[in-house]
1. Taking the Cα centre of the chain as origin and charging only Cβ (+1 Lys, Arg; -1 Asp, Glu), how large is the dipole, in debye to the nearest 20?
2. Grab the beta carbon distance between SER102 and GLU78, set R0 = 25 Å, and tell me the FRET efficiency rounded to 0.05.
3. Among the listed pairs LYS9/LYS152; LYS55/LYS148; LYS55/LYS106; LYS76/LYS152, give every one whose C-alpha distance is greater than 25 Å.
4. Each label point is 7 Å from the Cα along the Cα-to-Cβ direction; what then is the distance between the points at LEU59 and VAL116, in nm?
5. For labels at ASP124 and GLU20 in the simple 7 Å Cα→Cβ model, what's the distance in nm?
6. For the peptides 32-44, 1-13, what is the packing order when you average, over each peptide's residues, the other Cβ atoms within 10 Å and list the highest mean first?
7. Suppose we keep just the alpha-carbon trace of the chain; what are its Rg and Dmax in angstrom?
8. Label points 7 Å out from Cα along the Cβ direction at LYS149 and GLU6: separation in nm?
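Bear in mind these aren't lab numbers, they're just calculated from the coordinates by the rules spelled out. None of the values given here were measured: they were computed from a predicted structure. As a convention, Cβ positions derive from the backbone with ideal geometry for all residues, glycine included, and neighbour counts pool all protein chains shown.
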Amino acid sequence: MHQQIENVKNTRTFLLTLIEDLSTEQLNQIPEGFNNNIIWNLAHLVAVQQAICYKRSGLQPIVQDKYVTPYLPGTKPEGFMDTSEVEIIKTLMLSSLNEFESDYKKSFFTTYTPVVTRYGVALDNIDDAINFLPFHEGFHIGTVLALKKLVKL
């Protein structure tokens with residue numbers, strides 16, 4: 001599973017590089033035809049990983065709930081995320097994966113409540129969840145790329 005986690009880290013590093021030239025205002029902008037923004041998508045990636053890995057394993061997420069629940073599937077941006085919050089999300093993109101990898105190596109994930117994702121993918125255990133993450137992250141790279149083309153520079 002180490003390679004799959006590394007793939008997710010690489011994806012997130014790419015995303016962070018992709019948005020490094022954008023202002024806080026641009027990260028928060030919701031272009032016409034969209035119901036979310038770039039920073040919501042990044043927070044969503046953190047939230048989904050916490051939910052499908054920790055919560056479904058009966059464990060407390062390592063990320064504060066204010067960075068999980070508001071960004072789960074079916075949510076949308078609730079307001080403007082200020083610069084300090086943006087920086088926290090950027091930091092969580094990699095720090096949460098590093099801690100997750102450490103917890104995985106320590107065999108913390110012994111139980112799992114199965115789920116079928118909105119994409120029709122069955123997650124029956126923690127390894128299924130880890131294998132799902134690159135697909136999910138890739139989907140949101142596409143969304144961020146589309147959003148970046150539309151935010152006013």
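1. Numbers: 13 positive and 17 negative charges, 42 e Å.
Dipole about the Cα centre, nearest 20: 200 debye.
2. Numbers: r = 31 Å, r/R0 = 1.25.
Efficiency, rounded to the nearest 0.05: 0.20.
3. Details: LYS9/LYS152 28 Å; LYS55/LYS148 31 Å; LYS55/LYS106 17 Å; LYS76/LYS152 20 Å.
Pairs exceeding 25 Å: LYS9/LYS152; LYS55/LYS148.
4. 2.7 nm
5. The two pseudo-label positions are separated by 4.2 nm.
6. 32-44, 1-13
7. 15.1, 47
8. Calculated label separation equals 3.2 nm.
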